[in-house]
1. Looking at (1) at pLDDT below 80; (2) in contact with a helix residue (DSSP H, G or I) (Cβ under 9 Å, 6 or more places away or on another chain); (3) not β-branched (Val, Ile, Thr), which is the only condition Ala326 fails?
2. Looking at segment 244-264, can you tell me whether even one residue there is farther than 17 Å from Ala108 by Cβ, within 42 Å of the chain's Cα centre (by Cα) and modelled with pLDDT under 85?
3. Name the residue, out of Thr328, Thr305, that is free of Cβ contacts under 8 Å to residues at least 60 places away in the same chain and part of a loop (DSSP other than H, G, I, E, B).
4. Taking only pairs six or more apart or across chains, which ones have beta-carbon atoms under 6 Å, a first residue in segment 680-700 that is closer than 24 Å to Asp607 by Cα, and a second residue that is buried (at least 22 other Cβ atoms within 10 Å of the Cβ)?
5. Can you tell me which condition Ala716 does not meet? The list is (1) over 51 Å from the mean Cα position of the chain (by Cα); (2) small (Gly, Ala, Ser); (3) at pLDDT below 80, and all the others hold.
6. Somewhere in segment 148-159, is a residue crowded, with 24+ Cβ neighbours inside 10 Å, assigned by TED's automatic domain parsing to the domain that holds Ser118 and within 24 Å of Asn244 (Cβ to Cβ)?
7. Of the residues that make up segment 60-70, is at least one at pLDDT 80 or above and assigned to a loop (DSSP other than H, G, I, E, B)?
8. Restricting attention to segment 617-646, which residues are in a strand (DSSP E or B) and either surrounded by fewer than 16 Cβ atoms within 10 Å (Cβ to Cβ) or under 30 Å from the mean Cα position of the chain (by Cα) (or both)?
Amino acid sequence: MAAAVLGPNTSEVQKKRRIVGRIRCKNVKSDCPKVDCNDAISLPGQCCKICPEVYRNGTDKGNSDGFSEDDDKSDMNNKEYAALLTPRSSSMIKSSTGLGEPMQAGLAAGRFMFLHKSLHYSFVHNDDMPRPKYVQFVDSEGNVVEEQEVTINNYQQETRKICGVWRKIPRVYRKLLKEEKLHAALVTEKVGSDNDRFLGGRVAKQKYVSSEMYSSLLEPSTQVESGGMAVITVSPSTGSIYLNLMFNGDFDEERDIAIAVRIADASGSGVEETVTIPKISYDTNSIEVRSILELEQLQSLSRGTLFIVVYSPKNPDFKLIGFIQARTTCDIFDTVLEPEDSQAVPGGLAWVYPLPDGSWSYNIQLAPEHQPQSVKIETGRKVLEDLQFKTLGSNMTRQIVSGMGPRHYQLLYEENIYLSIVTDKSNLRGRLSYRIFGDSQLSDAPMMLESNTKVAADLRTQGLIWIGVDHDCGLNYQLTLSQRPQSDLMRLEIMETLGLSSKGLPVKSYVLDNFEASEHEGIYNDFSKFTFAHLKAGDAMFKVVRVNDSSLLASSVIKNVRVPTSCLPTAVIDNIVNPDYSLDLAEDDASAPVANGKCFYDGKMRDEYSQWTPVNDTCSICNCYKGQAKCESVICPALGCSNPVLLTGECCRSCLSTERSSTNRGQGCNVEGDRFHPAGSSWHPYMPPNGFMVCTTCTCRSDTLSVECTRQKCPALDCAPEVAVFPKPLSCCKVCPPKKEIDPDTINDAVAQQKLGPSESEILAAGGCKFRDELHENGAEWNHRIEPFGYIPCVSCTCTSGDTKCGRKKCPTLTCDVKVQIPGECCEKCGTSSESPPSHMSRPSPYSSKSASSSPLSRYRKPPSKHRTKTAHSQ
């Protein structure tokens, strides 16, 4: 496969974003051996299923890629890596491969954990660096071997981290990783453009990543192309602190450089150590520092006010400084909260993670039966802290805990911290377990699996499940049960619940996998776009089922799942489709129908040609046409009275006195499917798929409650019909164009003919076109007009050598926060945050994700809707 590169390469491979060596399990399913059982199971990190008996007997290690066990053991010995990303280290990639320009300023640090043939990565960067759009892994020749789009969720917003996982790394790239020949890059501009910018650094072995408790990003004071990072471990009992520093910079000499490291608090008091480096390297240098902190510094450490200064006494221009914060790796702790009385009502769940300022976010969700009375952090039965909890609604509690010292950090990572919650129903308790961030954590919160109380007591279980949908439209899940029920084998299913409430729709179920342990994770890749629409709308549920008798053990309704728009059915908003001819749509056109016939909208399946009013926008009308849901804002008719009134339930005013309207209150006409118009109201009829008939006005008569529609009558013209024009795009009647005045001083035939322009025969002879009684010169481009809708901005026609061709315009992909629809134009444009488009312009897609909540990172632009390969995750 050809290689793609980071720089502004304009080759076809670069445009298509091919990535070297991409391997997916679904590509090798046909190569899996046949199994001799009906209840085959999948094991984590394997592509092929095996029989449970084979797994229990240990006769199959499941090496789906054919690698030897020695390879895996060797890889596990080198599972911790780190990378320092600066303009200086980026130039090393450029100088050897000829890539595009690196960023001139910016600083980032990465941590990497190699687990089960997958590389989990975490990045932090400084405020001067624009928000990255992509994470890339590059070999020493500049080939992009993996690229993942940066996405966002609440965790990454609050922690200001970029999190993700490169799954199932091919053996050749595992070898590069082990040999430290792999580079990581954060790309902040579109790859292949002239203004491509990236920040990169070599991924090197770092044996202290797993034991890291704190981190620091060291920013330069003067040398903007340099920077550093620190991996920090603290001993709570002795107060000793250990730092592993990686940095680069300019020095006057190359050998025996003295580097001073000062650790101080806000008052300036602290400790300082000096280390001598025998030889300075250009891109990355590493030193180790040990010291002892006083009690005051330990307290500053827990408050996030302790900082590090790295400088060289003989090189005054070299100085790095940074605050000590939570460790760079993307960490989450969660637990299932069980009632002490096993026969009590269901319990709840909790998840916890550190914040950059040293505080911790505790998030607790309880079953509806519980009302919390106290929340405590314990180790064993010793209370460490009593939380002042705050209820956020729906039995959701969140508390930010500040001042957590190194001892608490150590206990958390050792999984020796418990949450104890006293409610009005029971005492709930659970031990926090460590989770490294993966694609399953793409949603904002886990979901609670509630036990089925109708089954036998020894089969009851409760738990939690994380789910996330990546940009490859794979459903990633991570399941934890509080205890393994007395069942030989369990099955995880997803069931669409829309068919349970909607008559005529089937009830669909999907088997994700069979499993035996109390913890299980995996990926399911075979959902349709409509199934993802059900997941996003909350019309689906998880089920844990016993295999041998299909009894339900635990379940949860799926809520608040983030689904990329590329994985959802397409809905077109405020776009009138040309009824006179079919448009030639490209295969990759985002507006092409995704399914024949029915449409899914507002949680319901709609029949083709049906029309309805959206739930959250009563002043719009939608219709289903060729598998697409199309919505338009109501167009109000012009009125001839001076004091029109607005009737209840209507979007447009009508010519009707208030006294007369009160006599017909509650009465009206039912038209256009389920739409009701009060007596006396007027409107333009809606005719799908063409839209509103603006030249026709209908009225619900107050006396007979019948509908009368009249078409606007046009006055006689003083000119020939073929020369008449429409004054406005939505005008119903043509008018005569203004007459061209000819200078009386030059009114000879030749000059007059030249001023009036070429004749019809001359235009046609020169390759022009006559389209719908209108003349167009060769090469002309115009918007086609459809009566009575006017000019359609999204449909353009061109005249080429006497041949007229019309087609839909393609709009460029916008990467800005604010998109504005200009009246009369087809494509949206970027606007400022102060611009608020009117309700009839740029209405959001019914399937578009809600905007992210306000955060310190709200100034950054959102990730582009056009995705590339797989997903990564951002702050």
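The values are calculated or read from the model by the stated rules, or taken from the named source; none is laboratory data. Everything numeric in this text was worked out from a predicted model, so none of it was measured. So basically every Cβ, Gly included, is an ideal-geometry build from the backbone, and we count neighbours across all protein chains shown.
1. Single failed check for Ala326: (1).
2. no
3. Of the residues listed, the single one that is free of Cβ contacts under 8 Å to residues at least 60 places away in the same chain and part of a loop (DSSP other than H, G, I, E, B) is Thr305.
4. Sorted first by the residue in segment 680-700, then by its partner, the pairs are His684/Phe692; Tyr686/Ile621; Tyr686/Phe692; Pro688/Asn623.
5. It is condition (3) that Ala716 fails.
6. Yes, there is a match, as at least one residue in segment 148-159 is crowded, with 24+ Cβ neighbours inside 10 Å, assigned by TED's automatic domain parsing to the domain that holds Ser118 and within 24 Å of Asn244 (Cβ to Cβ).
7. No, that holds for no residue.
8. To start, the set of residues in segment 617-646 that are in a strand (DSSP E or B) comprises 620-625, 628-633, 645.
Those that are in a strand (DSSP E or B) and either surrounded by fewer than 16 Cβ atoms within 10 Å (Cβ to Cβ) or under 30 Å from the mean Cα position of the chain (by Cα) (or both): Ser620, Ile621, Cys622, Asn623, Cys624, Tyr625, Gln628, Ala629, Lys630, Cys631, Glu632, Ser633.
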